Amino acid sequence: MFSVKQESKTQYTFLSIFSGAGGLDVGFEKAGFMHTESSDILPYAVNTMRKNRPAWRVLNCDVREYSPKMRGDIDVLLAGFPCQGFSLGGNREEDDERNTLYREAVRIADEVQPRVIVMENLLNLRTMCHPVTRKPFAQQIAYELSEIGYNTRYDFFRVSRYGAPQTRRRFIFVAYKGDTLKHFRFPEPEKETPIRQFLFDLGQGGGVGLPNHDPQWGFDSFVHTENGGAFCKGSMAVPVRLSRTASEGNPVRSFDQPFPAVDTATVWGWACGHVNATRIEKDRMDEAAMFVRNPESTARLWRISADHLRAFTVREYARLQTFPDDWVFYGNNKRELQLQVGNAVPVLFAKKIAEKVRIALEIADGKRPPEPPPLGQLNLFDF
């Protein structure tokens, strides 16, 4: 069983919007914060939260119609506002209506007056510009937070340096009033986190009975070859990329390195027995061209052959997002489950941010002495 250590409880509270399946929420809970309320527009994500935490108040609503009842007694507001409009996997349209949903976090912060605001999104906020002001969205968000009295620090993080076994990069805002959190420091990067401790056991047949884990060997594919036959004793299953076959990098992954970013589109899986990956010149004019995402591309395509292939289970994706094994995902189909996992903030990364927020609050409240700043650290992103 994979679990996330629970830190000692505090009296510090958090309120969460754009909560999804709860990555940020669980991270702050594990850092000792007390939950007050969460909300999301997706009913299946809300169902996941409610069933995992029956005592939590979780609302299914459009954030544009949401107004928390609590006033002045919230320590932290969490807002992982939608990233699809900023994502390289989408159209990156500056006027995508989802790109302005951060303003709902600003509105709610102005109503609730939390001591701290933690907002999360993609790295592209550094460069993608607001369609009206022409400022990068990161600067625009920091400016709008300053208009309601909050100072903002922001930075980006490769989560494999912060406990999660993937190279996914996330952008974090931490905002606070006056100098109440002048001692706040973002977590320092650590060594890269390899996937071995998160995935190896499941690939070799472990995890029997875990929720969201029903591994079925056999992968129906137009591009990869499953040779069949009996499983060879001692043959080790290895993780492989089964989609985006023109992607750079060998699709057979090492257990001793982090994964590429887990998203909602790329299909990953396992290969076992006589595994071989080669790149071929694809005839994009033949009858199979319909299965090539970009028929005009000249990129050589990866092809995997193995005795046995299977796709990752939802639990295996959840392990890469560092959700504990007892966090169960609910949905009407596999797509709804994978969307919840893929769109989440990795729990261990969220916990590291939460721990730093907790330390800063405890320093501000005289519960612990100030920490010396890391050598050479400059607050280049203070607003």
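A short reminder: the numbers here are calculations on the coordinates, not readings from a lab. This one's a predicted model, so the numbers in the text were calculated from it and none came from an experiment. Don't worry about glycine lacking a Cβ; one is built from the backbone with ideal geometry, like all the others, and counts go over all protein chains shown.
Values as computed for the structure displayed
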quantity: Share of pairwise Cα separations in the chain, more than 38 Å, in percent; calculated: 23
quantity: Cα-Cα over 26 Å, subset of Lys5/Lys334; Lys51/Lys191; Lys5/Lys182; Lys30/Lys367; Lys51/Lys182; Lys5/Lys177; calculated: Lys5/Lys334; Lys51/Lys191; Lys5/Lys182; Lys51/Lys182; Lys5/Lys177
quantity: Rounded to 10°, Cα long-axis angle of helix 102-112 versus longest principal axis of the chain; calculated: 40
quantity: Likely footprinting exposure, Val314, Val238, fewest C-beta neighbours within 10 Å first; calculated: Val238, Val314
quantity: Where GluC sites (Glu not before Pro) in DSSP loops with at most 11 other Cβ within 10 Å are excluded, longest remaining stretch of the chain; calculated: 1-189
quantity: Under 13 Å from Lys282, Cα to Cα: aspartates and glutamates that are on another chain or at least 8 residues apart; calculated: Glu296
quantity: Residue among Asn52, Asn124, Asn332 with the largest mean-square fluctuation in a Gaussian network model of the chain, springs linking Cα atoms under 10 Å; calculated: Asn332
quantity: ³J(HN,Hα), Karplus 6.51/-1.76/1.60, whole Hz, each residue of segment 344-350, x for Gly, Pro; calculated: 7, 7, x, 4, 5, 5, 4
quantity: Average Cα contact separation per residue, segment 216-312, under 8 Å, 6 or more apart, as relative contact order %; calculated: 43
quantity: Segment 216-312: C-alpha pair distances exceeding 19 Å, %; calculated: 43
